[in-house]
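**Q** Encoded as structure tokens, here's the structure I'll be asking about.
The values are calculated or read from the model by the stated rules, or taken from the named source; none is laboratory data. None of these values were measured; they are calculated from a predicted model. No Cβ is skipped: glycine too gets one built from the backbone with ideal geometry, and neighbour counts run over all protein chains shown. Each accessible area value is taken on the protein alone, full model and side chains, heavy atoms only, with ligands, DNA and RNA left out. Shrake-Rupley method; radii C 1.70, N 1.55, O 1.52, S 1.80 Å.
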Amino acid sequence: MARRSPPPAPRPAEAPLPAEITWRPAAFARALAPTEPALTRYLAAPGVAALLSGVAYALLVRPAVNLAAPGSFTFSTHLTNVMGGVFLGLFAYLIQWGLGYVATRREGRPAEVYAATHTLTIPLYLLVAVLAVLTPAPVVPSGIPEAGVERAALHVLAGGAAATLYTAVAVLGTVAQAALAFVAFRTLTGSVGRALAGALLPLLPAAAVQFINAAPLFFNR
């Protein structure tokens, strides 16, 4: 009698695309739940968002930096502005991940959920970068001392659409991420209380960190 061949092993569940959380967070969480947890699964999203945040900020303040030191080597200043945005963006994500884990534990999958929510801000920071490139250089009134040229230029730039959008994305984008994370956490943990804690506990510190990079623009309006 011929032996029966063993049934094929079930295929492992496929993780959803990170951007899916932006328009259907509950379905994203249901698709994520049967997959094996992987802390680095969506890590590229906060990395790209942080990089674009730094690039957008550096492009925004570039005219002021160039006016403050015309003809000098300003590459290091621009690079510092980019790296500052990258550091603060990644630090905000670590806060979301860490405090989200305190509230939702392993069931909430906060590393993956919060990483996926950063796909929301990627196109917005890209839009800011494009607007910053298209924004004409500020006209600084004559008679301003050399030491105050950069501040005067920042004042002009801070009132523009690109700077306003950058500040809104930095702060309100973090609020939107918390809202998406709440829906995903509620689906993953089955607890409204834990989901609410996972969304609210990191919200203020993460938003504050994101705001730090936009603060020079905000306070020079």
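**Q** In the range 15-53, which residues are among the polar types (S, T, N, Q), over 18 Å from ALA179 (Cβ atoms) and open to solvent by 30 Å² or more (accessible area, probe 1.4 Å)? Spell out how you get there, then give the answer.
**A** We begin by selecting, within the range 15-53, every residue among the polar types (S, T, N, Q); these are 22, 35, 40, 53.
The next check asks that each one be over 18 Å from ALA179 (Cβ atoms); those that pass are 35, 40, 53.
Answer for the range 15-53, where residues must be among the polar types (S, T, N, Q), over 18 Å from ALA179 (Cβ atoms) and open to solvent by 30 Å² or more (accessible area, probe 1.4 Å): just THR40.
Residue-wise test of (1) in a helix (DSSP H, G or I); (2) among the β-branched types (Val, Ile, Thr); (3) closer than 25 Å to TRP23 by Cα.
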site	(1), (2), (3)
ALA115	yes, no, yes
ALA163	yes, no, no
VAL169	yes, yes, yes
LEU172	yes, no, yes
ALA176	yes, no, yes
GLY193	yes, no, yes
ALA199	yes, no, yes
ILE212	yes, yes, no
ARG221	no, no, no
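**Q** Could you list, in sequence order, the residues of the range 54-72 that are modelled with pLDDT of 85 or more and either in contact with a His (Cβ under 6 Å, 6 or more places away or on another chain) or surrounded by fewer than 18 Cβ atoms within 10 Å (Cβ to Cβ) (or both)?
**A** ALA58
**Q** Tell me yes or no: at least one residue of the range 73-80 is at pLDDT 95 or above and under 20 Å from PHE218 (Cβ atoms). Reasoning before the result, please.
**A** From the range 73-80, those at pLDDT 95 or above are none; that's our starting set.
No, the conditions are met nowhere in the range 73-80.
**Q** Of the conditions (1) open to solvent by less than 50 Å² (accessible area, probe 1.4 Å); (2) among the hydrophobic types (A, V, I, L, M, F, W, C); (3) in contact with a Leu (Cβ under 7 Å, 6 or more places away or on another chain), LEU126 satisfies every one except a single condition; which number is it?
**A** Exception for LEU126: condition (1).
**Q** Looking at LEU204, LEU131, LEU157 in this structure, which one is open to solvent by 30 Å² or more (accessible area, probe 1.4 Å), closer than 14 Å to LEU59 by Cα and in a helix (DSSP H, G or I)?
**A** On the way: LEU204 fails: closer than 14 Å to LEU59 by Cα; LEU157 fails: open to solvent by 30 Å² or more (accessible area, probe 1.4 Å).
Sole residue among the options that is open to solvent by 30 Å² or more (accessible area, probe 1.4 Å), closer than 14 Å to LEU59 by Cα and in a helix (DSSP H, G or I): LEU131.
**Q** Sticking with this one: Just for the range 168-181: of the residues that are open to solvent by 20 Å² or more (accessible area, probe 1.4 Å) and touching a residue at least 24 places away in the same chain (Cβ under 8 Å), which one is farthest from LEU88 (Cα to Cα)?
**A** Here is the first cut: in the range 168-181, the residues open to solvent by 20 Å² or more (accessible area, probe 1.4 Å) are 168, 171-172, 175-176, 179-180.
Imposing the further condition that a residue be touching a residue at least 24 places away in the same chain (Cβ under 8 Å) reduces the set to 171, 175-176, 180.
Values: VAL171: 13, VAL175: 16, ALA176: 18, LEU180: 21 Å.
Here the answer is LEU180.
**Q** Here is a follow-up. Being farther than 28 Å from ALA29 by Cβ, of a type in the set (A, V, I, L, M) and modelled with pLDDT of 95 or more narrows it down to one residue among ALA129, ALA103; which is it? Full working, then the answer.
**A** Details: ALA103 fails: farther than 28 Å from ALA29 by Cβ.
Unique residue meeting the criteria: ALA129.
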